[in-house]
Amino acid sequence: MTQQAVQKDFETRMQAAVDALTREFASVRTGRANAALLDAVRVEAYGNMTPINQVASVSVPDPRTILIQPWDASQLKEIEKGIVKSDLGLTPSNDGKVIRLTMPSLTEERRKQLAKTVGKFAEDARVAIRGARREANDKMKALAKDKKISEDEERRGHDQIQKATDRFTAKVDELTKKKEQEVMTV
């Protein structure tokens, strides 16, 4: 493995941590309706557990409502069951054709809980980034030990790895701050 390969692998892993964080943040409920809330919800469809967006059209007609329109009307009950089983805390309203989810206002206590959850997701992403950094640094040391790169190249590699770590950690902090503001906004 070369120094460039270590760097590329490392950056890919860090980006994956940031992408995972972004997906987790999308699933955190704020006071606004967001179709991404339902990404993790699975429903029984034709013998398989399937994401809602693969059995129905999900739209957000206004800031407080999510509208779910199944492609097969026989799936309404299963979609409703899946939403109730999920821990979103939303009550589906079924009119026989579509399911409406109305976003209730969040209490102050619930906002604080969600902010803690956001912080936990962010810390998990930071841990993943630090793990990737440690692994990349170990690979750089191994390359230097095997005389595949010089000590100067190893030092430069460690510096590049640290700069990338700082850059990705700042990105995580920025996403976290934005999501916490979104959660705490009434």
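Listed here are the residues, each with its yes/no results for (1) modelled with pLDDT under 90; (2) acidic (Asp, Glu); (3) within 26 Å of residue 24 (Cβ to Cβ).
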position: 45; (1), (2), (3): yes, no, yes
position: 72; (1), (2), (3): yes, yes, no
position: 76; (1), (2), (3): yes, no, no
position: 80; (1), (2), (3): yes, yes, yes
position: 86; (1), (2), (3): yes, no, yes
position: 90; (1), (2), (3): yes, no, yes
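Selection of the stretch 157-186 for residues being free of Cβ contacts under 8 Å to residues at least 60 places away in the same chain and open to solvent by 90 Å² or more (accessible area, probe 1.4 Å) yields 163, 167, 174, 177, 178, 181. Taking the criterion of being surrounded by 13 or more Cβ atoms within 10 Å (Cβ to Cβ), assigned to a loop (DSSP other than H, G, I, E, B) and over 23 Å from the mean Cα position of the chain (by Cα), the only residue of the stretch 96-110 that qualifies is 98.
The set of residues in the stretch 17-42 that are among the small types (Gly, Ala, Ser), assigned to a helix (DSSP H, G or I) and without any contact (Cβ under 8 Å) to a residue 40 or more places away in the chain comprises 26, 35, 36.
In this structure, is residue 147 over 26 Å from the mean Cα position of the chain (by Cα), assigned to a helix (DSSP H, G or I) and either closer than 30 Å to residue 7 by Cβ or modelled with pLDDT under 90 (or both)? Spell out how you get there, then give the answer.
Working: over 26 Å from the mean Cα position of the chain (by Cα): yes; assigned to a helix (DSSP H, G or I): no; either closer than 30 Å to residue 7 by Cβ or modelled with pLDDT under 90 (or both): yes.
For residue 147, the condition - over 26 Å from the mean Cα position of the chain (by Cα), assigned to a helix (DSSP H, G or I) and either closer than 30 Å to residue 7 by Cβ or modelled with pLDDT under 90 (or both) - is not met.
In the stretch 127-139, the residues that are closer than 11 Å to residue 6 by Cβ reach residues that are among the basic types (Lys, Arg) and part of a helix (DSSP H, G or I) with C-beta atoms within less than 7 angstrom, at least six apart or across chains, in these pairs: 132/13.
The values are calculated or read from the model by the stated rules, or taken from the named source; none is laboratory data. Predicted, not measured: the structure shown is a model, and the values here were computed from it. As a convention, Cβ positions derive from the backbone with ideal geometry for all residues, glycine included, and neighbour counts pool all protein chains shown. The accessibility values were calculated without ligands, DNA or RNA, using every heavy atom of the protein model including side chains. Shrake-Rupley method; radii C 1.70, N 1.55, O 1.52, S 1.80 Å.
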